[in-house]
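What follows is one structure encoded as structure tokens, with my remarks underneath.
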């Protein structure tokens, strides 16, 4: 059961049950949909980027499993206040770290970024990595203003 | 030819057949495996595995071509499997048994070769709300290509089709009906024989998607009076990449080939090609020879156990499964039709099916989670997906007890 406890840590369950920044965002400048065709999970990520290229607000809506919702909730917590370039670097770092291609990569962002380590449990569950990276792919798409939905495929 | 050991007719009792399936004798995540995902793909008995291996080891060659011994052996075994499949579904002739890669190809063949040339603007193709995507999308393609309209028979909240609506829909320019025999997501057994009779009264030809029908009940295409019946090998304990399209011979004769290539021709020149006779007209290219021979062994296996005995066993287990699941607090059963095959969808509390699937897998319990390639069904029940336990001849009460215990653990984690 240890691996399971690793996957469903308290922090993950907390964010899954009470997602932060949940709902549409007024005045959003960037948004993108993330779809996981495997399970049908769908979420929409909203960003409000100011003149200085700083993300001054972020939110998400949609439905998904505990892992994808918690990951989106942690993402919004982390990127608010971040500049766009750092957010893109974080996307790279998180996806590389979670897909196991660079398990040691540190994610910049201080204490809030430390919380992302709670997602590390998915590395033992190959079929669930996509759940954890879904919101991050949506972040990447939103910043790059891609018009097609981001998928985990 | 070296044959795998065959069991005598009715030599296998359902209670003993679990031992015939090697995949069910292993530990997964340090628990004895509990396989409750046969509706996605059923495990194969040793007789199927050995038949395929023996063919590969001793008899492999291409079919319908060579004059040499191996080619004869391969052809005999391949065509022998077709004969077994003909008897299995009681088709009146082997010309009516087209070997395909599976239900999906069978349905696409009918959509493109039979339906597409026959429909146009103002015509309607009728399907039902219960269909798997593979019995929706091929018809949508035909509609896009021809201007025909796709119309859907509604269902109720138990997952039963509304037959009154069916009758009124049928009367309105319907040119074709495609209906699933058994819903893969909900387990509903549709009254296809009755539906076919009603459709024929309006001169509407009918395809039955039997992917989920064949493992659970004796199919008799003549008794059903269907025009087409499609099914897959891997749902009935055979290899993947195999399937059958039964088609009424008079209709198959009228239809153009679906794919061009070798084996489907009699004579080719650059000005003209003469197509081969049925069933080969629809079998272009080298087929999945080993898989089809394995499918023949799966037919032997099913008949040695006996479909009536299998159905009885599964119905008893389904009753036990449904009863035990219903006792779990916070569990919602989805799909509660009166007449069902051994498939049960459910959701537990607010636990996402994907999370439930992971936690169950960690306890050795394999179920299917998600939308089951039936998104319209999920939409009807206002869920993004469900957990689904599906039972086959090799399951028993212990499997269900393990499932219930594992669900209890999931509820604790998410409490």
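Looking at (1) buried (at least 22 other Cβ atoms within 10 Å of the Cβ); (2) within 11 Å of chain A (Cβ to nearest Cβ); (3) under 21 Å from residue B:329 (Cα atoms), which is the one condition that is false for residue B:407? Result: residue B:407 passes all but (2).
Name, by its number, the condition in (1) within 13 Å of the chain's Cα centre (by Cα); (2) farther than 16 Å from residue A:143 by Cβ; (3) within 14 Å of chain B (Cβ to nearest Cβ); (4) crowded, with 24+ Cβ neighbours inside 10 Å that does not hold for residue A:72. So residue A:72 meets the others, but not (2).
Yes or no, residue by residue, for (1) in the same structural domain as residue B:216 (by TED's automatic domain parsing); (2) assigned to a loop (DSSP other than H, G, I, E, B):
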| residue | (1), (2) |
| --- | --- |
| B:271 | yes, yes |
| B:277 | yes, yes |
| B:286 | yes, yes |
| B:294 | yes, no |
| B:315 | no, no |
| B:321 | no, no |
| B:329 | no, yes |
| B:337 | no, yes |
| B:346 | no, no |
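Restricting attention to segment B:213-242, the residues that are at positive phi and buried (at least 24 other Cβ atoms within 10 Å of the Cβ) total 1.
Candidates are the residues of segment B:90-108 that are in contact with a strand residue (DSSP E or B) (Cβ under 6 Å, 6 or more places away or on another chain) and in a helix (DSSP H, G or I); the one that is surrounded by the most Cβ atoms within 10 Å (Cβ to Cβ) is B:106. Out of A:58, A:32, A:87, A:16, one residue alone is within 30 Å of residue B:30 (Cβ to Cβ) and crowded, with 16+ Cβ neighbours inside 10 Å. It is A:16.
Scanning segment A:11-59 for residues being assigned to a helix (DSSP H, G or I) and more than 11 Å from chain B (Cβ to nearest Cβ) gives a total of 3. Candidates are the residues of segment B:373-386 that are within 11 Å of chain A (Cβ to nearest Cβ) and crowded, with 24+ Cβ neighbours inside 10 Å; the one that is nearest to residue B:25 (Cα to Cα) is B:386.
Residue count for segment A:35-50, restricted to those that are surrounded by 19 or more Cβ atoms within 10 Å (Cβ to Cβ) and at pLDDT 90 or above: 6.
Tell me the residue from A:108, A:113 that is farther than 29 Å from residue B:353 by Cα and modelled with pLDDT under 90, please. It is A:108. Against the conditions (1) free of Cβ contacts under 8 Å to residues at least 60 places away in the same chain; (2) part of a helix (DSSP H, G or I); (3) under 19 Å from the mean Cα position of the chain (by Cα), residue B:357 satisfies every one except (3).
Residues that are within 11 Å of another protein chain (Cβ to nearest Cβ), without any contact (Cβ under 8 Å) to a residue 60 or more places away in the chain and not in a loop (DSSP other than H, G, I, E, B) do not occur anywhere in segment B:387-404. From the list B:341, B:311, the lone residue that is within 30 Å of residue B:163 (Cα to Cα), in contact with a strand residue (DSSP E or B) (Cβ under 6 Å, 6 or more places away or on another chain) and away from chain A (no Cβ under 14 Å) is B:341. When you look at residue B:210, is it under 29 Å from residue B:75 (Cβ atoms) and surrounded by fewer than 17 Cβ atoms within 10 Å (Cβ to Cβ), yes or no? Taking the combined requirement at face value, the residue does not satisfy it. Look at residue B:331 and say whether it is in contact with a helix residue (DSSP H, G or I) (Cβ under 7 Å, 6 or more places away or on another chain), away from every other protein chain (no Cβ under 14 Å), buried (at least 17 other Cβ atoms within 10 Å of the Cβ) and within 22 Å of residue B:236 (Cα to Cα). For residue B:331, the condition - in contact with a helix residue (DSSP H, G or I) (Cβ under 7 Å, 6 or more places away or on another chain), away from every other protein chain (no Cβ under 14 Å), buried (at least 17 other Cβ atoms within 10 Å of the Cβ) and within 22 Å of residue B:236 (Cα to Cα) - is not met.
Residues checked against (1) part of a helix (DSSP H, G or I); (2) modelled with pLDDT under 95; (3) assigned by TED's automatic domain parsing to the domain that holds residue B:250; (4) surrounded by fewer than 16 Cβ atoms within 10 Å (Cβ to Cβ):
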position	(1), (2), (3), (4)
B:9	no, yes, no, yes
B:64	no, yes, yes, no
B:73	yes, no, yes, no
B:84	yes, no, yes, no
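Scanning segment A:122-139 for residues that are surrounded by fewer than 21 Cβ atoms within 10 Å (Cβ to Cβ) and either modelled with pLDDT of 90 or more or within 11 Å of the chain's Cα centre (by Cα) (or both) turns up just one, A:129.
Yes or no, residue by residue, for (1) over 23 Å from residue B:235 (Cβ atoms); (2) without any contact (Cβ under 8 Å) to a residue 40 or more places away in the chain; (3) under 20 Å from the mean Cα position of the chain (by Cα):
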{"site": "B:62", "(1), (2), (3)": "yes, no, no"}
{"site": "B:76", "(1), (2), (3)": "yes, no, no"}
{"site": "B:93", "(1), (2), (3)": "yes, no, no"}
{"site": "B:102", "(1), (2), (3)": "no, no, yes"}
{"site": "B:110", "(1), (2), (3)": "no, no, yes"}
{"site": "B:127", "(1), (2), (3)": "no, no, yes"}
{"site": "B:143", "(1), (2), (3)": "yes, yes, no"}
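Set side by side, the residues B:336, B:369, B:358 differ, and just one is touching a strand residue (DSSP E or B) at 6+ places or on another chain (Cβ under 6 Å) and either more than 14 Å from every other protein chain (Cβ to nearest Cβ) or buried (at least 22 other Cβ atoms within 10 Å of the Cβ) (or both), which is B:369. Checking B:245, B:150, B:161, B:170 one by one, the residue that is touching a residue at least 12 places away in the same chain (Cβ under 8 Å), more than 23 Å from residue B:108 (Cα to Cα) and in the same structural domain as residue B:84 (by TED's automatic domain parsing) is B:161 and no other.
Does residue A:87 satisfy being closer than 30 Å to residue B:377 by Cβ and touching a helix residue (DSSP H, G or I) at 6+ places or on another chain (Cβ under 9 Å)? No: the conditions fail for residue A:87. Among the residues of segment B:178-226, those that are touching a helix residue (DSSP H, G or I) at 6+ places or on another chain (Cβ under 6 Å), part of a loop (DSSP other than H, G, I, E, B) and farther than 26 Å from residue B:372 by Cα comprise B:202, B:225. Once segment A:1-10 is narrowed to residues that are in contact with a helix residue (DSSP H, G or I) (Cβ under 7 Å, 6 or more places away or on another chain) and assigned to a helix (DSSP H, G or I), the residue that is farthest from residue A:63 (Cα to Cα) is A:3.
The values are calculated or read from the model by the stated rules, or taken from the named source; none is laboratory data. Just so we're clear, the structure is a prediction, and the values are computed from it rather than from any experiment. Here the Cβ is made from the backbone with ideal geometry for all residues, glycine too, and neighbour counts use every protein chain on show.
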